[in-house]
Amino acid sequence: MILELLNLFWIFFKIGLFTFGGGYAMIPLIEEEIVGGGYITQGLLYDFIGIAESTPGPIAINMATFIGTNQHGVLGALAATIGVALPSFIIILLIATLGSKFLNSRIVNEAFKGLKPAVIGLILAVSFGLMVRGILPDIQFSKLIFAFSNFNYKNLIILGVVFIFVFARKKTSPVQIILISAILGMAVYLVF
């Protein structure tokens, strides 16, 4: 049990250490380590993403807590949550100790400039993966193969109307988008 908890801690420590850009950028690495390692299924990962999004707090902490709880209860939740949070704590402690010289360093500034496109790419990949997963439930992030035989035109209609509504207006709140999506989803599924 202790070795399993240490392994869970180590997996989430690596995820926390090598993920830049927040929780969304971390999802592909969670998928590779946790789903690829056989700890949870792809479907359960998507369920955890939905739960983590609907509960208060950072998605990375929520995901680690849910996956840890799923694997080893409260001790698993502690191991995974501490594992994912500890790298950020250590890095911030080092930066605070080294002071402004480190932050004003040309090398550090260039490194952050180089990380920005990678973070944007990871977030876009996750967003695209979640969208495809909503339309084609059997597709995995790491294996985005378009299975047109499973294509659900109802979801495409909903997605199209929501996108038209969002892009037709300059300011649309996320609450409006969620409500419109829910209403359209119910309407389309009642009609079809």
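The values are calculated or read from the model by the stated rules, or taken from the named source; none is laboratory data. Since the model is a prediction, treat every value here as computed from it, not as a measurement. Because the Cβ atoms are built from the backbone with ideal geometry, glycine has one as well, and the counts that use them run over all protein chains shown. We work out accessible area using only protein heavy atoms, side chains counted, and drop any ligands, DNA or RNA first. Shrake-Rupley method; radii C 1.70, N 1.55, O 1.52, S 1.80 Å.
Values for this structure:
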read-out	value
Accessible area of Y39 in the full protein assembly, 1.4 Å probe (Å², nearest 10)	70 Å²
Alpha-carbon gyration tensor eigenvalues x 5, square-rooted, for the stretch 3-51, Å	16, 15, 8
Residue order for L124, L45 - accessible surface, 1.4 angstrom probe, largest first	L124, L45
E53 accessible area, 1.4 Å probe, all protein chains in place, Å² to nearest 10	90 Å²
I61, I30, I120, reordered so the largest accessible area comes first (probe 1.4 Å)	I120, I61, I30
Length released on extending from T97 to I82, taking residue separation times 0.36 nm less the Cα-Cα span	3.3 nm
Rounded to the nearest 10 Å², the accessible area of V74 at probe 1.4 Å	120 Å²
Potential lengthening between M186 and K171 on full extension [0.36 nm per residue; Cα-Cα distance subtracted]	3.0 nm
Efficiency of FRET between E4 and E110 - r from beta-carbon atoms, R0 45 angstrom, step 0.05	0.65
